[in-house]
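These notes are about the structure you will find just below.
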Amino acid sequence: MIESFQDLHRIARELRFRTVRTSHLSCTPHLGSCLSCLDLLVYLYWQVLRIDPSNARDQGRDRFILSKGHAAPVLFQVLAERGFFPVEDLEDYGKDGSVFGEHPPAPKYLPGIEAATGSLGHGLPMGLGMALAARIRGAHYRTYVILSDGECNEGSVWEAALMVAAQKVNSLTVFVDYNKWQATGRSNEVLGLAPLAAKWSAFGWSVHEIDGHDFSAIDAAVSAKDELGRPKVIIANTVKGKGVSFMEDDNNWHYRIPSADEVRKAATELQISPELIRLDGLAPRTHE
Amino acid sequence: MRNAFADEVTQLAAKDLRIVLLSGDIGNRLFDRLRAQSPTQFINCGVAEANMMGVAAGMALSGLRPITYTITPFTTTRCLEQIRVDVAYHEAPVIIVGTGSGLSYASLGPTHHSLEDFAILRAIPNMRILAPWDAPSLRHVLRQALLDATPTYIRIGKKGEKDVLPIEKVSTIGRLTTLSSGESVAIVAVGTVASEAVRAAEALKSLGVSATVSLAHTVKPLPEADLRELFQTHRFIVTVEEHSLAAGFGESCLSFAQRVGFAGRLRPLGVPDLFLSKAGSQHYARQQAGIDSTAIVEAVRGLISKPS
């Protein structure tokens, strides 16, 4: 809450780099999906969420669910940087027995995790349950959920969207990371997602469509009040692979793992000091 | 059982404000008392079971004790992944209640039968599976299930089941309840099909065969200590369940018997590997499936007459 947008940009650049480097070292995929939602996570974790890393299970904490669980590599970097566990722990990423894999583990295995996502379409119903629990118990926390656009293929997303509207739950904010791609094709072509904003609007939601990499736009959408008390969805137009020129809008990076040279190239683009690259003597851990 | 469930939930909810009943748009008027007593403790989640189960998990992870309620296939197989991931993996203390289970809704056809629920949910870690046989046993296991935070599935019947035993006689979760003791054979019945076992034991008595009748409301964890005792005191055992023979209660018992070296013979009765597509009553369906009292009597006589 004290950071300037300039600070947020610096944090985002560093976390982008660490995510790329870790992908190389641990052979963890989904880099494109990670980089498209990274700015949303940085904004939430440094500007919005009322959380205390030293008291991670505090009952009054805001809840955040990364429903697109395949972007867990970013979530892990964010949680480490926010102090839920040491940044150095991530050097074990992908090693046998490590808690850091391709998706978030169940909450009891890692501080800061609210839901073990990865199977798509689970995060919004669970977030709705958390928000309803707040209402029933008279608690004042808010719940935030990030969905992917491909995830909106799942019927359970729309089941939840209907129920959120029926129950008039307005302590819940949903983001759709609309990077226009899903695993194997354009999200507007695979299942006809467009017009996405109109769909949410028809479901009774207050819809904000923004540039998901623009902190002031995110800020305005998050702060906006809806006079009708409707639940809020922020359709964040994003770029898959954002921040690394050769990954941007190239869906091969849904699965591709960067080489050491590509990590160094990304470091240059992200203005990372050479001493932070730290690849020498480290070999990627393949799981083949 | 349905009415007893609604009554019990209403009473428990008055004392425990963490309880929330989530209904899948079913039970018209069944929960009117609960809704009048405490409107926030009842939510109709609509015909959207996958969402309902995820909502239940989110609530359970936030300090509530949600109970989901709808017709069995819809609160089990319809939302199986939400049970596996959101409830079981998260160890979320959700109580999943399936009504009209087994062949209770025989006349509604295979879409509304549930003959696979034990098998499927047994394979999911952290799940507890309960199948009470009458209203008192249902009240008993529901109260007990709320005492700890184990994700629990309770399969119940419909309405009109005759009470078998008063609630004080019902054993705790994980134990068998002995109804009568005999020497020739032990019949272990799980869930509402217990009534068929009771009738079978009476028929056997008139044939001069004395049977132990044990009722099981706990499918998982398997009541191993009590089964072991039956293995020690009986040479012949018949299990009966209103569930597929595949990976049900009987097969769990068989596998346990083999593991502990039971020297006698155990014969599981259950529904064969087919959809019961003909219309008819629950009694007719049980006859077709070979799990009614006559089938139990036949199975016992077969075991005893060919002991090797």
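The values are calculated or read from the model by the stated rules, or taken from the named source; none is laboratory data. Here the structure is a predicted model, which means the values were calculated and not measured. Positions of Cβ are backbone-derived with ideal geometry, glycine not excepted, and every protein chain shown enters the neighbour counts.
Some observations on this one:
- Filtered residues of the range B:248-277 (kept if modelled with pLDDT of 95 or more and either surrounded by fewer than 16 Cβ atoms within 10 Å (Cβ to Cβ) or more than 17 Å from B:L227 (Cβ to Cβ) (or both)): B:S255, B:Q258, B:R259, B:V260, B:G261, B:A263, B:V271, B:P272, B:D273, B:L274, B:F275, B:L276
- Hey, B:A149 in the same structural domain as B:G264 (by TED's automatic domain parsing) and either under 30 Å from B:A57 (Cα atoms) or crowded, with 24+ Cβ neighbours inside 10 Å (or both) or not: no
- Residue within the range B:24-41 that is within 10 Å of chain A (Cβ to nearest Cβ), on the phi > 0 side of the Ramachandran plot and without any contact (Cβ under 8 Å) to a residue 40 or more places away in the chain present: no
- Residues of the range B:79-108 that turn out to be within 18 Å of the chain's Cα centre (by Cα) and in a helix (DSSP H, G or I), as a count: 3
- Among the residues of the range A:15-60, those that are buried (at least 23 other Cβ atoms within 10 Å of the Cβ), in a helix (DSSP H, G or I) and β-branched (V, I, T) comprise A:T19, A:V20, A:T22, A:V42.
- Looking across the range B:266-283 at every residue that is in contact (Cβ under 8 Å) with a residue 60 or more places away in the chain and more than 20 Å from the chain's Cα centre (by Cα), the one that is nearest to B:G250 (Cα to Cα) is identified as B:S277.
- The range A:140-172, subset within 8 Å of chain B (Cβ to nearest Cβ) and of a type in the set (A, V, I, L, M), residue farthest from B:V87 (Cα to Cα): A:A166
- Summed over the range B:197-233, the residues that are surrounded by 15 or more Cβ atoms within 10 Å (Cβ to Cβ) and not in a helix (DSSP H, G or I) give a count of 13.
- Residues of the range A:1-48 satisfying the condition of being more than 19 Å from A:V174 (Cβ to Cβ) and in contact with a strand residue (DSSP E or B) (Cβ under 8 Å, 6 or more places away or on another chain): A:G32
- Per the listing B:T192, B:T239, the residue uniquely in contact with a Pro (Cβ under 9 Å, 6 or more places away or on another chain) and part of a helix (DSSP H, G or I) is B:T192.
- Any hit, the range B:63-81, residues being free of Cβ contacts under 8 Å to residues at least 12 places away in the same chain and small (G, A, S): no
- Near pairs, Cβ below 6 angstrom, 6+ apart or cross-chain, from the range B:206-229 (more than 23 Å from B:G261 (Cα to Cα)) to any residue that is part of a strand (DSSP E or B) and of a type outside the set (S, T, N, Q): B:H217/B:L130
- Of residues in the range A:199-220 being under 25 Å from A:Y43 (Cα atoms) and among the aliphatic types (A, V, I, L, M), the one nearest to the chain's Cα centre (by Cα): A:I218
- Restricting B:G27, B:G58, B:G46, B:G54 to residues that are part of a loop (DSSP other than H, G, I, E, B) and buried (at least 17 other Cβ atoms within 10 Å of the Cβ) narrows the list to B:G27.
Rundown of residues vs (1) under 20 Å from A:E14 (Cα atoms); (2) touching a helix residue (DSSP H, G or I) at 6+ places or on another chain (Cβ under 7 Å), yes/no style:
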residue	(1), (2)
A:G60	no, no
A:G69	no, no
A:A72	yes, no
A:L75	yes, yes
A:G83	yes, yes
A:L90	yes, yes
A:Y93	yes, yes
A:F100	yes, yes
A:P105	no, no
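- Some residue of the range B:9-21 being surrounded by fewer than 21 Cβ atoms within 10 Å (Cβ to Cβ), hydrophobic (A, V, I, L, M, F, W, C), within 23 Å of B:R143 (Cβ to Cβ) and within 22 Å of the chain's Cα centre (by Cα): yes
- Among residues of the range B:288-303, those that are buried (at least 16 other Cβ atoms within 10 Å of the Cβ) and over 19 Å from the mean Cα position of the chain (by Cα), counted: 6
- Count of residues meeting criterion [touching a His at 6+ places or on another chain (Cβ under 8 Å) and of a type in the set (S, T, N, Q)] in the range A:24-37: 1
- Some residue of the range A:181-196 being under 22 Å from A:F17 (Cα atoms), more than 14 Å from every other protein chain (Cβ to nearest Cβ) and of a type in the set (S, T, N, Q): no
- B:T68 assigned to a strand (DSSP E or B), of a type in the set (S, T, Y), outside the structural domain of B:I291 (by TED's automatic domain parsing) and within 21 Å of B:Q144 (Cα to Cα): yes
- The set of residues in the range A:248-263 being in a loop (DSSP other than H, G, I, E, B) and in contact with a His (Cβ under 8 Å, 6 or more places away or on another chain) consists of A:Y255, A:I257, A:P258, A:S259.
- Selected residue (criterion: surrounded by the fewest Cβ atoms within 10 Å (Cβ to Cβ)) from residues of the range A:236-247 that are touching a residue at least 60 places away in the same chain (Cβ under 8 Å) and part of a loop (DSSP other than H, G, I, E, B): A:V239
- Test: residue in the range B:106-121 that is over 19 Å from B:A247 (Cα atoms) and either assigned by TED's automatic domain parsing to the domain that holds B:H243 or buried (at least 22 other Cβ atoms within 10 Å of the Cβ) (or both): yes
- Any hit, the range A:202-215, residues being out of contact with any helix residue (DSSP H, G or I) (no Cβ under 6 Å at 6 or more places or on another chain), closer than 22 Å to A:A71 by Cα, surrounded by 18 or more Cβ atoms within 10 Å (Cβ to Cβ) and aliphatic (A, V, I, L, M): no
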